[in-house]
Amino acid sequence: MDYERQRRERWWSAFFIVYAAGVAYLLLQSNPHLYSNKELKKELLGSQKETLKPIPLAEKGNLTADQKLHQTFWWRESAGRSGAEIGGIPHDKEYVVEVKTDLPVAPHSMPVSSDDVGFYFAEKGPWITAISNEGQIIWRYRFLGEDTQAHPPLITDAFVFATASNGTLIRLDKKTGELHWWMKVGERLLSPSALVNNKLVLIGKPLKAEEEKLAKETTKRRGQKATPQTDRVIVVDAALGSVLDYSEPISFKGEAYLSALESSEQIFVTNDNRLHAFDLNKGGGVAWSQTLPDPIVGPAMIYEGRLFLSLISGKIQAWDPAKKGGKFEWEVDIGKAPAGPPVFVPTFDRLAIATTDGHLHVVDVKKAEGLWNIHLDNRGSSQEVLAARISGRFIEEHGLKWENKGWTLWAPCSNGRACIYNPDKGQLISRISLVPGAHPFDRLSFKDGALYALLRQPAAKGSDSGEERLILARLLDPKTLKRKKDEAAQTPPPAAKSSISTAHQPES
Amino acid sequence: MIFPMEFLKSNLWEIRKSSSLTLFGGLLAILSALIFFNWWQQGQLPLLYHQEPYPMCWGFLDSCAWLKAISPQAMEVMFWTFGVSSLMAAIFFLLARMPSLGWFFLLVAWLIKWPLYIQDQRLASNINYLITLLTFVFLLVPNKSKLIRWLITGFYVSQAFVNLSPEWLSGQVYAEALNAPIKLGEWLAAISVLVEFLGPMALWFRELRYFALAWVSLTTYHGLQWYALGYFEPLTLILLTLLFPLSYYEERKDEREYLYRSFIRPEPSALWVYITMAIFIVAQALPFVPKEYLSINPSIAATISLDLEAPGIECRQVSFNVFEHHVEEIEIEAPQGRSARYRCHPQLRFVDLKRACKDSESQPGFRTIMSALTSRELGQAEFTPVFVSRDLCKKDLAYRDLISARGENHGL
């Protein structure tokens with residue numbers, strides 16, 4: 001018995017030794033950094049990627065990789081920010097207010113995007129709102145955080161892309177406001193997005209965990225120490241929502257503005273007195289940067305492959321971005337601080353610039369010289385100028401040349417009016433009375449033959465709230481308005497319907 | 001009727017003839033009472049959970065709403081009966097030396113514990129799992145001494161395997177508890193895994209010096225754990241491992257005195273040990289089997305195996321209140337006092353969302369809540385979706401439906 005017990009004990013000891021060796025091996029395999037200075041947790045965290053993909057919240061069919069997205073915009077929201085109405089549909093020159101509505105909410109800043117369905121804008125605070133052409137709320141979306149500021153949204157045929165200062169990017173259904181996907185892109189988004197060939201371009205600071213990794217990659221790429229805590233251009237696939245690339249790090253001071261040249265997939269960012277060019281074909285790498293003598297007002301305006309900038313000193317500059325390092329071409333001094341970037345007037349090859357003293361200046365692009373300026377007597381805060389076509393029947397009446405195809409300048413003027421000018425010498429063609437007492441328009445949009453104007457009405461003396469109101473006015477040309485009134489007089493009124501559509505239908 | 005009675009009698013005989021088992025029965029009863037005390041100390045936890053409208057159901061149950069049919073008063077009676085029965089069992093085992101009565105009260109305590117335990121998964125823990133299993137084996141399975149010791153050994157080894165995960169080996173549990181550098185935490189975590197693997201196996205040495213070394217090492221380790229992490233689990237394991245020296249002493253005594261073997265009641269078969277240990281080992285191995293080869297419900301597999309109790313999972317959740325005409329992103333806050341272990345538990349997140357539904361119901365135009373939860377373990381590179389739902393306030397939506405629908409949600 002004793003011998004048996006001893007034999008069993010020896011076998012047990014042998015087994016225990018082998019077992020102990022196996023345990024030690026397992027332990028060292030599970031934590032290979034046990035005997036080094038490295039920490040296991042840090043090493044594992046270093047291999048983790050931040051979530052750069054969206055969290056889908058809609059039905060499967062809404063996420064399509066091959067769907068080509070076309071940005072819907074009016075004037076300034078085009079990638080090139082030209083201020084000229086793309087499509088160039090001729091309009092009437094006289095309009096009368098058919099109906100005006102006090103808007104229940106107000107945009108925090110321009111631009112306000114609009115299309116046939118309505119207007120889309122960011123309110124002061126974390127809200128994005130869609131308003132119908134009748135001035136009623138269609139849907140709203142609220143980002144998280146009281147201190148979060150939503151940026152003006154970007155709209156396409158079917159979607160709304162919206163960003164906020166807390167680094168969130170979302171995609172919504174344009175008609176219903178249904179949330180398709182949500183993602184955290186960075187820790188701070190500085191500007192609203194631009195859409196270039198299905199790529200959403202944003203400016204912001206990447207997520208913290210991504211920062212070190214990006215710094216290492218930049219050091220490898222450029223052979224110098226990457227500056228920490230900096231901003232970048234962030235490129236996102238607009239169809240799928242995944243982050244495609246980050247640019248080189250840049251430090252931005254204050255506001256930064258995006259413009260894009262779609263044909264070559266170049267992005268231009270203006271920030272203070274710096275102009276940066278990024279190439280989306282090369283992973284968002286910096287193509288070139290230029291430091292200008294004075295701060296730049298608003299985004300760079302791009303037309304026919306050239307860049308036009310307004311500097312705060314009153315200089316208007318032209319650049320050729322295709323040349324290496326960006327080639328400065330010419331400069332015109334208009335003598336007064338511009339209120340925004342220039343507007344390009346097609347066929348005339350001229351630029352129109354509104355200045356902060358209420359004047360409208362026109363510059364010839366080919367001759368690189370100032371042509372004329374007029375006083376708009378604009379008593380409002382907005383200096384938005386647009387280039388749009390008027391109907392051919394007015395061309396001869398106002399001495400316009402046929403080859404210019406009716407292109408005119410539309411600018412806010414005097415007391416609650418929009419004025420139409422001949423870009424040739426600044427002759428007044430028409431004056432449209434919008435809303436008396438209101439500041440001239442923040443926004444003009446043409447839809448289905450009607451002209452829509454967003455205007456700010458100062459608070460009336462003795463009013464309770466003391467707040468400025470935002471008004472949406474719909475104007476029709478006199479003939480159409482008369483016809484509508486006659487039809488209305490003959491037809492009995494239909495039964496009242498609710499015009500507010502449902503924003504979201506939960507699954508049954 | 002005769003067979004079960006004979007079976008029970010042979011179980012009782014096994015306990016009566018062994019002083020180590022009688023003492024161990026008392027220890028099990030003390031541990032049962034300790035569980036009762038632990039629950040009582042935390043505000044009568046089972047009763048607290050019973051009052052909540054949205055319990056955290058065990059994964060293998062379709063629904064635990066049927067448990068709400070038990071009235072709060074009945075639950076309270078059961079709770080106190082559990083405590084009193086445990087105390088009575090301890091008294092009869094240890095002081096009155098009446099193992100049969102002790103056995104009876106321990107059985108009552110064990111049975112009464114089930115409706116309290118099973119109503120909410122937050123009451124579960126690895127140590128509770130062990131106590132429940134050992135109590136069952138002690139009460140009803142022959143060859144108790146050897147089997148219980150092997151189960152305790154198996155528990156340690158399984159726990160050590162589970163703790164080979166990055167969450168435990170990163171040392172963050174010890175570093176946070178002792179306010180120590182993370183590298184020291186790593187070493188302590190590694191030592192604890194080593195002790196859990198080797199200590200209980202070394203308790204099977206016959207030679208006294210090796211046995212004593214193993215037992216003292218284990219006890220010292222638990223003492224350090226008590227200092228760092230709290231009393232409950234270390235105290236439980238110290239008391240359970242007392243069976244080893246008690247049985248060691250008893251076995252040596254039996255060998256010296258050549259005790260009379262009863263032929264009326266033969267020694268229990270060793271087969272009980274092999275079968276029970278085989279079941280236990282298979283249960284612990286189930287979580288490591290790839291899902292495509294697993295033929296049983298994964299929730300059942302998770303229930304019958306040990307959990308990793310170190311926090312380390314990172315999660316991200318985004319939620320939205322959906323109204324008639326607008327959508328708002330919201331933050332769902334977890335109740336105060338939730339332990340780090342459950343911070344990212346999807347079922348608890350689901351319970352929080354259901355609670356948020358109830359709170360938001362009264363808001364004008366409110367329709368539902370949408371939410372998506374993603375999580376990532378320490379060793380994983382990317383977040384993976386846990387659940388996405390566009391209508392969480394649907395009345396008949398259960399947690400199981402959410403998880404089973406995960407495959408249909410368009411993934412990342």
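Every read-out reported here was derived from the displayed coordinates using simple, explicitly stated rules and does not represent laboratory data. Quick caveat: nothing in here was measured; it's all calculated off a predicted structure. Ideal geometry is used to build each Cβ from the backbone, glycine not excepted, and the neighbour counts take in all protein chains shown.
Tell me, what HN-Hα J-couplings in whole Hz come from the Karplus equation 6.51 cos²θ - 1.76 cosθ + 1.60 at θ = phi - 60° for each residue of region B:81-87, using x for Gly and Pro?
Once θ is set to phi - 60°, the couplings for region B:81-87 become 4, 4, x, 5, 4, 4, 5 Hz.
What order do you get for B:280-289, B:183-192 when each peptide is scored by the mean count of other beta carbon atoms within 10 Å, highest first?
Result, highest mean first: B:183-192, B:280-289.
To the nearest µm²/s, what D does Stokes-Einstein give for region B:1-138 at 25 °C and 0.890 mPa s, using the Kirkwood radius over alpha carbon pairs as Rh?
The Stokes-Einstein estimate is 156 µm²/s.
Determine the gain in length on full extension of the stretch B:E382-B:I70; use 0.36 nm per residue of separation and subtract their C-alpha separation, reporting nm with one decimal.
108.0 nm
What's the magnitude of the charge dipole for chain B around its Cα centre, counting Lys and Arg as +1 and Asp and Glu as -1 at the beta-carbon? Answer in Debye, nearest 20.
1200 debye
Obtain the nm distance between the two label points defined at B:V289 and A:A368 by a simple spin-label model: each point lies 7 Å from its Cα along the Cα-to-C-beta direction.
Rounded to a tenth, the inter-label distance reads 8.1 nm.
Can you list the aspartates and glutamates whose alpha carbon is less than 13 Å from that of B:K113, not counting same-chain residues fewer than 8 positions off?
B:E76
If the reach is capped at under 14 angstrom between alpha carbons, list the aspartates and glutamates near A:K315, excluding any in the same chain fewer than eight residues apart.
A:D294, A:E329, A:E331, A:D333, A:D364, A:E369
Taking 1 over the mean of 1/r across every pair of different Cα atoms in region A:304-455, what Kirkwood radius in Å do you get?
Computed over region A:304-455, the radius equals 16.0 Å.
Among the listed pairs A:K175/A:K479; A:K405/A:K425; A:K323/A:K405, which have their C-alpha atoms separated by more than 23 angstrom in this model?
With Cα atoms farther than 23 Å apart: A:K175/A:K479; A:K323/A:K405.
Could you work out the Kirkwood radius for region B:127-281, taking every pair of different alpha carbons, averaging 1/r and inverting it, reported in Å?
So the Kirkwood estimate lands at 17.0 Å.
Counting alpha carbon pairs within less than 8 Å and at least 6 residues apart, what relative contact order, in whole percent, applies to chain B?
After rounding, I find 15 percent.
Ranked highest first by the average count of other Cβ atoms within 10 Å around their residues, in what order do B:169-182, A:410-423 fall?
A:410-423, B:169-182
Rounded, prolate or oblate: which one fits chain B, using the alpha carbon gyration tensor with axes a ≥ b ≥ c (rounded when a/c is under 1.5, else prolate when a/b beats b/c, else oblate)?
prolate
Per 0.36 nm of contour for each residue apart, how much would the distance between B:R343 and B:E324 grow if the chain were fully extended, relative to their Cα-Cα spacing?
3.7 nm
As a test of the formula, what do you get for chain B when each DSSP H run with n ≥ 4 contributes -39,500 (n - 2.57) and the sum is divided by the residue count, at 222 nm and rounded to the nearest 500 deg cm²/dmol?
So the calculated ellipticity at 222 nm is -19000 deg cm²/dmol.
Calculate the dipole size of region A:288-381 relative to its Cα centre from +1 charges on Lys and Arg beta carbons and -1 charges on Asp and Glu beta carbons; express the result in debye to the nearest 20.
Result for region A:288-381 is approximately 200 debye, rounded to the nearest 20.
Find the Cα radius of gyration of the protein assembly as shown, compare it with 2.2 N^0.38 Å by division, and give the number to two decimals.
Dividing the Cα Rg of the protein assembly as shown by 2.2 N^0.38 Å gives 1.30.
Label B:L213 and A:E4 with points 7 Å out from Cα along Cα→Cβ: what is the distance between them in nm?
2.8 nm
Under a crude label model (7 Å from the Cα following the beta-carbon direction), how far is A:D102 from A:W402 in nanometres?
Going from the A:D102 label point to the A:W402 one covers 5.1 nm.
Taking a 20 Å limit on the Cα-Cα distance, which of the listed pairs A:K327/A:K366; A:K174/A:K205; B:K354/B:K394; B:K68/B:K358 fall beyond it?
In this structure, A:K174/A:K205 exceed 20 Å between Cα atoms.
If you average over every viewing direction, what projected area does the convex hull of the Cα atoms of region B:76-125 give, in nm²?
Average of the hull's projected areas for region B:76-125 equals 3.6 nm².
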